[in-house]
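A short worksheet on the structure shown next.
The values are calculated or read from the model by the stated rules, or taken from the named source; none is laboratory data. Quick caveat, the model's predicted, so the values are computed rather than measured. Methodologically, a virtual Cβ is constructed for each residue, glycine included, from the backbone with ideal geometry; neighbour enumeration extends over all protein chains shown. In case anyone asks, the SASA skips ligands and DNA or RNA and just uses the protein heavy atoms, side chains included. Shrake-Rupley method; radii C 1.70, N 1.55, O 1.52, S 1.80 Å.
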Amino acid sequence: MTMTLQNLAKDQPLLSVQGLSKSYGTRIGCADISFDLFPGEVMGIVGESGSGKSTLLSCMAGHMAPDAGRVIFDTASGPRDTVQMAEAERRRMARTDWAFVHQNPRDGLRMGVSAGGNVGERLMAVGARHYGDIRDTATDWLGRVEIAADRIDDRPRAFSGGMQQRLQIARNLVTGPRLVFMDEPTGGLDVSVQARLLDLLRGLVREMGLSAIIVTHDLAVVRLLADRLMVMKDGHVVEQGLTDQVLDDPQHAYTQLLVSSVLQV
Amino acid sequence: MTDQAYNFAYLDEQTKRMIRRAILKGVAVPGYQVPFASREMPMPYGWGTGGVQVTAACLVPEDRLKVIDQGADDTTNAVSIRKFFQRVAGVAVTEATQEATLIQTRHRIPDTSLSAGQILVYQVPIPEPLRFLEPRESETRKMHELEDYGLMHVKLYEDIARHGQIATSYAYPVKVEDRYVMDPSPIPKFDNPKLSNSPALQLFGAGREQRIYALPPFTHVVSLDFDDHPFVPSKADHACDLCDASDSYLDEVIIDDQGGRMFVCSDTDYCGGRRAAGHVGRLGEEAI
């Protein structure tokens, strides 16, 4: 019985993007993008700089208003078009059901507020009013992203780049979101730190059953994390499919170029 | 002679009309910061230009005005503003809280409880309670609009994490009628409970920041806190050394070079009234 219910639930996409377009004057940001994301699925979006990946992500996450199209999210009260939603409702959803991990942790963190305060902010925003509980949850989450508990009262300024990024992830996941948007989560980190971060992300995504959309130009990141892959060029999707399939057997000329451009060590 | 060149209460009638409209809007939406076209006043910003404009807009010739600064009637700021209105409006003035119909205040609420029909005007330096947490005005307005006040508690959280308790001791943020978070101006948090359910009308004017907000009589005002760190209206743990009052807000005064100190009521009218009624504190007899 539970199985059938779960299967039924999985038949419904968590996020359904339909004909999303955004242009900056005459220049195209992204054009006519459509796809479905199912619960527990991780979708990678790759492409070179200027291909419209970040524009697409901002439009989906509600940071930017798209010119056309619909972004339908499976809310607690059924599927809703988030583009048409009132801003108050969208913000409430953005701090409960959604999470957004910025490329630069400085954009996603409050640099003047301690690590514990950063993790606790979303809790307090949704109504947590018990200091002890907030602190316990923050300590627990710092542990889950491998930050020592005695750093809880330090400001993010005192953290290394990798730690800041992990703190940003903790801050976003603390309210148990169902969908995470990530914009180049490993950008600007050296490879050994990247590897640990990817390991951590992969663990959290599996453990919490998160759905995620990861925008990156690093093919290794999507190879590790993403179930499905979308390749963008000049604002259009040129190829999409299972990650391994796209990377091992690229069909479109641009994807072939992209895959062959990766440096081999 | 030149005094005749001024309109009653300094401002011209159209300006007063504009300010009254802002006040009415503020009264209609308690705690909401109403923008208004603040005028240059013949005193520097920071001296209470917002409060003076609100007072000027509310004054009628029959009013009896009281002006206090940090509770005292005889400090520079209070004296100059009182003189100003005596000169440009010719209204009666008083130092007795009960007799005043309009009280302009800086940083205190009188310890004598207010009554219906009185107006209390606050001078506000920074009306936006979220300002030091979120520098963008466009964003703070949006946060008020959407009741997105999680950040305010982050500030209190940081206080407890760093100091073990809520260390904010003045300008302590309050929530008005379960809707707007409001800066009560830099009054000590000891005064916060007096904001709630006051029979007097409370008006807040910020001249430099061009905002007016209001608490109509009997408005429900709650100081923000945590369940396990409740709001405490703190004061110095002494009785007044002049009038022996244990329920008033105290100033600490250094009285000699040997570290001697005394605690006295910051509200001079309240202290004077108690001494006149025969209450004597620890150092009271010497003072009289």
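Miscellaneous remarks
- Residue count for the range A:116-148, restricted to those that are away from every other protein chain (no Cβ under 12 Å), part of a helix (DSSP H, G or I) and touching a residue at least 40 places away in the same chain (Cβ under 8 Å): 1.
- Test result for B:ASP237, acidic (Asp, Glu) and more than 14 Å from chain A (Cβ to nearest Cβ): yes
- Residues being among the β-branched types (Val, Ile, Thr), surrounded by fewer than 22 Cβ atoms within 10 Å (Cβ to Cβ), over 19 Å from B:GLN86 (Cα atoms) and in contact with a strand residue (DSSP E or B) (Cβ under 9 Å, 6 or more places away or on another chain) - total across the range B:100-129: 1
- In this entry, A:GLY44 passes the filter for residues that are open to solvent by less than 10 Å² (accessible area, probe 1.4 Å) and either acidic (Asp, Glu) or farther than 11 Å from A:PHE181 by Cβ (or both).
- Exactly one residue out of A:LEU224, A:LEU229, A:LEU201, A:LEU242 is farther than 25 Å from A:LYS22 by Cα and buried (at least 21 other Cβ atoms within 10 Å of the Cβ): that is A:LEU201.
- Number of positions in the range A:101-115 that are closer than 17 Å to A:ASP183 by Cα and either at the interface with another protein chain (Cβ under 7 Å from one of its Cβ atoms) or open to solvent by 30 Å² or more (accessible area, probe 1.4 Å) (or both): 5
- For the range B:37-63, the set of residues classified as within 21 Å of B:ILE103 (Cβ to Cβ), surrounded by 15 or more Cβ atoms within 10 Å (Cβ to Cβ) and of a type outside the set (Gly, Ala, Ser) consists of B:MET41, B:MET43, B:TRP47, B:THR49, B:VAL52, B:GLN53, B:VAL54, B:THR55, B:CYS58, B:LEU59, B:ASP63, listed by residue number.
- Selection within the range A:60-77 - within 20 Å of A:THR96 (Cβ to Cβ) and outside any strand (DSSP E or B): A:MET60, A:ALA61, A:GLY62, A:HIS63, A:ALA76, A:SER77
- Only one of the listed residues (B:GLU145, B:GLU139, B:GLU134) is in contact (Cβ under 8 Å) with a residue 12 or more places away in the chain and out of contact with any strand residue (DSSP E or B) (no Cβ under 9 Å at 6 or more places or on another chain). That residue is B:GLU134.
- The residues listed here are B:VAL27, B:VAL54, B:VAL67, B:VAL79; of these, the one that is of a type in the set (A, V, I, L, M) and more than 23 Å from B:ASP183 (Cβ to Cβ) is B:VAL79.
- Selection within the range A:78-112 - part of a strand (DSSP E or B) and basic (Lys, Arg): A:ARG80
- Scanning the range B:121-170 for residues that are within 18 Å of B:PRO233 (Cβ to Cβ), more than 8 Å from every other protein chain (Cβ to nearest Cβ) and outside any loop (DSSP other than H, G, I, E, B) returns B:TYR122, B:LEU156, B:ASP159, B:HIS163, B:TYR170.
- A single entry from A:VAL46, A:VAL71, A:VAL42 fulfils the requirement of being at pLDDT 90 or above and within 21 Å of A:THR175 (Cα to Cα): A:VAL42.
- Odd one out for A:LEU56, checked against (1) out of contact with any Phe, Trp or Tyr (no Cβ under 8 Å at 6 or more places or on another chain); (2) of a type in the set (A, V, I, L, M); (3) within 12 Å of chain B (Cβ to nearest Cβ); (4) not in a loop (DSSP other than H, G, I, E, B): (3)
- Odd one out for A:ALA61 among (1) more than 23 Å from A:HIS252 (Cβ to Cβ); (2) open to solvent by 20 Å² or more (accessible area, probe 1.4 Å); (3) under 18 Å from the mean Cα position of the chain (by Cα): (2)
- Unique match (being in contact with a Phe, Trp or Tyr (Cβ under 7 Å, 6 or more places away or on another chain), more than 12 Å from every other protein chain (Cβ to nearest Cβ), under 28 Å from A:MET43 (Cα atoms) and at pLDDT 90 or above) among A:ILE213, A:ILE169: A:ILE213
- When A:GLY235 is tested against (1) open to solvent by 10 Å² or more (accessible area, probe 1.4 Å); (2) at pLDDT 90 or above, exactly one condition is not met: (1).
- Flag if A:THR175 is more than 29 Å from A:THR96 (Cα to Cα) and modelled with pLDDT of 85 or more: no
- Residue within the range B:181-189 that is farther than 25 Å from B:ASP247 by Cα and either in contact with a Phe, Trp or Tyr (Cβ under 7 Å, 6 or more places away or on another chain) or open to solvent by 10 Å² or more (accessible area, probe 1.4 Å) (or both) present: yes
- Answer from B:PHE218, B:PHE231 - the residue that is within 14 Å of chain A (Cβ to nearest Cβ), open to solvent by 20 Å² or more (accessible area, probe 1.4 Å) and in a loop (DSSP other than H, G, I, E, B): B:PHE231
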